[in-house]
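S.K.: Have a look at this one.
The values are calculated or read from the model by the stated rules, or taken from the named source; none is laboratory data. As the structure is a prediction and not an experimental result, all values here were calculated from the model. Counting neighbours? That spans all protein chains shown, and the Cβs are built from the backbone with ideal geometry, glycine included.
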Amino acid sequence: MNKALMTYLVWPVAKFLIAFIIVQVIVAAMNWIERRLLGLMQARLGPNRVGPKGLLQIIADPIKFILKEDIVPSSAEKVAYYLGPMLPLLPAFVVFCLIPYGPPPTFTVTRVNVGLLLILALTSTAVYGIILGGWASNNKYSLMGGLRSAAQMVSYEVPFGLSIVGVLMITGSLDLVTIVRYQEINAWNFLPQIVACFIFLVSMNAENNRTPFDLPEAESELVAGYHTEYSAMKFAFFMLGEYSMMIVNSSLIVTLFFGGWTLGMFGFGLTTEVLKGMGLLGGLIGATIFFVKVMLFLLMYVWFRATFPRFRFDQLMDLGWKFMIPLALANIFVTGIFILLGQERLMYWIGIVTIALAAFYLFKPKRAAAQKVVHAS
Amino acid sequence: MFDVHEMEVNFGPQHPSTHGVLRVLLKVDGERIIDAKPVIGYLHRGTEKLFEHMAYPQCIPHTDRMDYVASATNNLGFVETVEKMMGVTKMIPRRAQLMRVMLSELQRISSHLLWLATHAIDIGAMTPFFYCFREREQVLDLFEAYCGARLTLNCMRIGGMPEDLPYGWLDDVEEFCAKFDAAVDEYESLLTNNRIWKRRTVGIGVLSPEEAIDWGITGPPLRGSGVEWDLRRAQPYECYPELEFDIPVGKNGDTYDRYLVRMAEMRQSNRILKQCIPLIKQTPEGDLKAKISKVIRPPEGEVYHSIESPKGELGYYIVSDGKTQNAYRCHVRPPSFVNLQALPAMAQGHLVSDLVALIGTIDIVLGEVDR
């Protein structure tokens, strides 16, 4: 067969399909893990009826979604209504091609030298589906949910993008593979870019409409927000889109700040060269490391969901525009100064000190809750 | 200059966070509430009219169904009113009184737990919901052990109590009390100092003490505004005068203070329960009913009596013609109904998200609002 055909069509498609299937399996597993883990945190069981430990719930849910009646409101704007659930799904799938799961070239579908920009561009289109869906349903709650998500996702796109700039400055590349290799040689980027990492973490929660930023679908306020009028597979598409984007964002934070498929400064001899030397096995090891890290961040989403109440809309905007964006800009400025002075090493120490302080604050013995109510008897 | 696009939104009657079938006609400008008008009556069952056609003891199960998450206090209010009419209040045996106090304090705990659960989930905190239901389940188990019912207890009779405490019940209560303070600490660890929770509740729906009194608000919302008014102290009934407890009072009258007041009240209820256990052990077993006639026919006249239900002042106004076994007129003053009045004033200028917090903080039960 033509070699060019193999390089440019067959392999990429095959790799995309494999990545796609893996990610879809994670999405399905994530659904089960989230519900079981939430159950564990909330003194209840979670789904445990279908199959051992409720594992077959993963299959039962799609079957239910497919078999359910697909209701289209008669007053809905048909084209936009159908388009709504599809749009968030497409960028999520495409982005999977751009993320390096393991050492290139085998475990990276495509290596684009402006990969990061492409990912940002693609993920930001996901909001259209939600706005369209919310508007086309011809329901006031859906409309409010759609508008909220539009404002929220557009606002948080800014700190999301700005937080990445710091990483770009120290690594000097938009290519995700280069960024990972840089972290392998130096240290994981979350140390020198601790502030950026924090902003990225918060913004990615907001981008995904997850608690505490789940305002667009705030159940107790807007019934179900933008997907109130969606049923059956259309709703499943929205959910699939949301979970896929969660995985995309977790993959991004792992790639940008936590060393991708490498173990970075911990090493354990598993450098990219060694992994490459081991061939397919090495790639699998790299991919396993990558997905374990991704899983940890996915679990953090669940942890957040179990812990936090929901922000109010104006407070969300305040946090985005008045706190996150100035902080991200300041981070860029400070990083620039350090790079100009040639003191990159100092940033690592700042990161370590910050983490130490945070850990100290978290684990210091808590004072008894102050009695805030005046007691009169 | 600007064209204001007001939108009318029907908030309810079928909405996840209206706690039943409350309908609020919202006029919103974007997300800001211009006007909120509660529309009630979707759960109207004509309870007051039903009372006119039933003998007094038959009314007790119907009182259960008003504030259906706090039926013991509903029972208590009704039987006390009838007893007051008959002039037998002093004759109620001490054991029965203590049992009534214990049941109503347990009920207060369970009602406040349900309030916290729904209030928290309305504001988006999912986990306290399950934690609260874990403890509430234990309270309901205690109710079930006593009277067989978990929700609509029907657990009091005019002149006393229907049956004695089952064997080991007091030990179960003691066990529950021992663990309950730690459970409240657990809820508080998730919410009290949580910044998001504070941002969602501090300064929301502020009621000054004067406003609160003008609206006729009672219960935790009134105490949250800093007015020290608790009918257990102000108009003591049963054996409350000899029990030690504090009345928690807030300062700012906002949603956060009302939250703190209710959390403190749960602890105080627990304190009362702990005091009741040794007291009730001193009383003779089986001494449960006052010597009153089987046919209850109060003398002609009218009486108003109110108790402190978990939600505020629960009052019954009964008119008897002295000839029949049923009331000539029975009016109920439900705390939720009166407290709900303040909703439009409290919601003015807040956002839609706050409306949910406000409905939660008033702690309404629609069975009681509509009767």
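S.K.: Can you spot a residue in segment B:36-44 that is over 30 Å from A:Arg312 (Cα atoms), away from every other protein chain (no Cβ under 14 Å), within 23 Å of the chain's Cα centre (by Cα) and hydrophobic (A, V, I, L, M, F, W, C)?
M.R.: Checked against the condition, which is being over 30 Å from A:Arg312 (Cα atoms), away from every other protein chain (no Cβ under 14 Å), within 23 Å of the chain's Cα centre (by Cα) and hydrophobic (A, V, I, L, M, F, W, C), segment B:36-44 yields at least one hit.
S.K.: Also: Any residue at all in segment B:241-248 that's crowded, with 24+ Cβ neighbours inside 10 Å, more than 18 Å from the chain's Cα centre (by Cα), within 12 Å of another protein chain (Cβ to nearest Cβ) and not in a loop (DSSP other than H, G, I, E, B)?
M.R.: The answer is no; no qualifying residue exists.
S.K.: Answer yes if at least one residue in segment B:341-355 is surrounded by 24 or more Cβ atoms within 10 Å (Cβ to Cβ) and within 19 Å of B:Gly216 (Cα to Cα), and no otherwise.
M.R.: There is at least one residue in segment B:341-355 that is surrounded by 24 or more Cβ atoms within 10 Å (Cβ to Cβ) and within 19 Å of B:Gly216 (Cα to Cα).
S.K.: Every residue in segment B:134-149 that is more than 16 Å from the chain's Cα centre (by Cα) and buried (at least 17 other Cβ atoms within 10 Å of the Cβ), please.
M.R.: The initial filter retains those residues of segment B:134-149 that are more than 16 Å from the chain's Cα centre (by Cα), namely B:134-135, B:137-138, B:141-149.
Matches in segment B:134-149: B:Glu135, B:Gln138, B:Leu142, B:Phe143, B:Tyr146, B:Cys147.
S.K.: Which ones in segment B:293-341 are at pLDDT below 85 and of a type in the set (Gly, Ala, Ser)?
M.R.: Across segment B:293-341, the qualifying residues are B:Ser293, B:Gly322.
S.K.: Do we find a residue being assigned to a helix (DSSP H, G or I) and touching a Leu at 6+ places or on another chain (Cβ under 9 Å) anywhere in segment B:148-167?
M.R.: No, segment B:148-167 contains no residue that is assigned to a helix (DSSP H, G or I) and touching a Leu at 6+ places or on another chain (Cβ under 9 Å).
S.K.: Can you name the residue in segment B:170-180 that is among the aliphatic types (A, V, I, L, M) and surrounded by 14 or more Cβ atoms within 10 Å (Cβ to Cβ) and is also farthest from B:Leu140 (Cα to Cα) among such residues?
M.R.: B:Leu170
S.K.: Do you know which residues across segment B:191-222 are of a type in the set (Asp, Glu) and part of a loop (DSSP other than H, G, I, E, B)?
M.R.: Hits for segment B:191-222: nothing passes.
S.K.: Taking the conditions exactly as written (under 30 Å from A:Ala187 (Cα atoms), of a type in the set (Phe, Trp, Tyr) and crowded, with 16+ Cβ neighbours inside 10 Å), does A:Phe338 satisfy them or not?
M.R.: It is true that A:Phe338 is under 30 Å from A:Ala187 (Cα atoms), of a type in the set (Phe, Trp, Tyr) and crowded, with 16+ Cβ neighbours inside 10 Å.
S.K.: Continuing with this model, one more query. In this structure, is A:Leu38 in contact with a Gly (Cβ under 7 Å, 6 or more places away or on another chain) and either assigned to a helix (DSSP H, G or I) or surrounded by fewer than 12 Cβ atoms within 10 Å (Cβ to Cβ) (or both)? Let's see the steps before the verdict.
M.R.: Details: in contact with a Gly (Cβ under 7 Å, 6 or more places away or on another chain): yes; either assigned to a helix (DSSP H, G or I) or surrounded by fewer than 12 Cβ atoms within 10 Å (Cβ to Cβ) (or both): yes.
Answer is yes for this residue.
S.K.: When you scan segment A:62-79, how many residues do you find that are part of a helix (DSSP H, G or I) and surrounded by fewer than 18 Cβ atoms within 10 Å (Cβ to Cβ)?
M.R.: Qualifying residue count, segment A:62-79: 7.
S.K.: Let me ask you something else. Report whether or not B:Leu288 is buried (at least 20 other Cβ atoms within 10 Å of the Cβ), over 13 Å from B:Glu244 (Cα atoms) and in contact (Cβ under 8 Å) with a residue 40 or more places away in the chain.
M.R.: Yes: the conditions hold for B:Leu288.
S.K.: Right, something else. What residue, among those in segment A:139-183 that are buried (at least 21 other Cβ atoms within 10 Å of the Cβ) and among the charged types (D, E, K, R), is nearest to A:Val127 (Cα to Cα)?
M.R.: The extreme case among them is A:Arg148.
S.K.: Scan A:Leu327, A:Leu362, A:Leu346, A:Leu340 and give me the residue that is farther than 22 Å from A:Val165 by Cβ and assigned to a helix (DSSP H, G or I).
M.R.: A:Leu362
S.K.: Examine segment B:21-39 for a residue that is within 15 Å of B:Val365 (Cβ to Cβ) and in contact with a Gly (Cβ under 8 Å, 6 or more places away or on another chain), and state whether such a residue exists.
M.R.: yes
S.K.: Taking segment B:181-219, which residues are closer than 22 Å to B:Trp229 by Cβ, touching a residue at least 12 places away in the same chain (Cβ under 8 Å) and surrounded by fewer than 21 Cβ atoms within 10 Å (Cβ to Cβ)?
M.R.: Scanning segment B:181-219 gives B:Val206, B:Ser208, B:Pro209, B:Glu211, B:Ile213, B:Trp215, B:Gly216.
S.K.: Collect the residues in segment A:308-324 that are touching a helix residue (DSSP H, G or I) at 6+ places or on another chain (Cβ under 7 Å) and either more than 13 Å from chain B (Cβ to nearest Cβ) or in a helix (DSSP H, G or I) (or both), keeping them in residue-number order.
M.R.: Result: A:Phe313, A:Gln315, A:Leu316, A:Met317, A:Gly320, A:Trp321, A:Met324.
S.K.: Sticking with this one: Could you please find all residues in segment B:249-266 being surrounded by fewer than 19 Cβ atoms within 10 Å (Cβ to Cβ) and either modelled with pLDDT of 90 or more or more than 8 Å from chain A (Cβ to nearest Cβ) (or both)?
M.R.: B:Asn252
S.K.: Among (1) farther than 24 Å from B:Ile247 by Cα; (2) within 11 Å of chain A (Cβ to nearest Cβ); (3) out of contact with any helix residue (DSSP H, G or I) (no Cβ under 7 Å at 6 or more places or on another chain), where does B:Asn193 come up short?
M.R.: Evaluating B:Asn193 over (1) farther than 24 Å from B:Ile247 by Cα; (2) within 11 Å of chain A (Cβ to nearest Cβ); (3) out of contact with any helix residue (DSSP H, G or I) (no Cβ under 7 Å at 6 or more places or on another chain) leaves (1) as the failure.
S.K.: Considering only segment A:3-19, I want to know if a residue exists there that is polar (S, T, N, Q), more than 21 Å from A:Ala60 (Cβ to Cβ) and outside any helix (DSSP H, G or I).
M.R.: no
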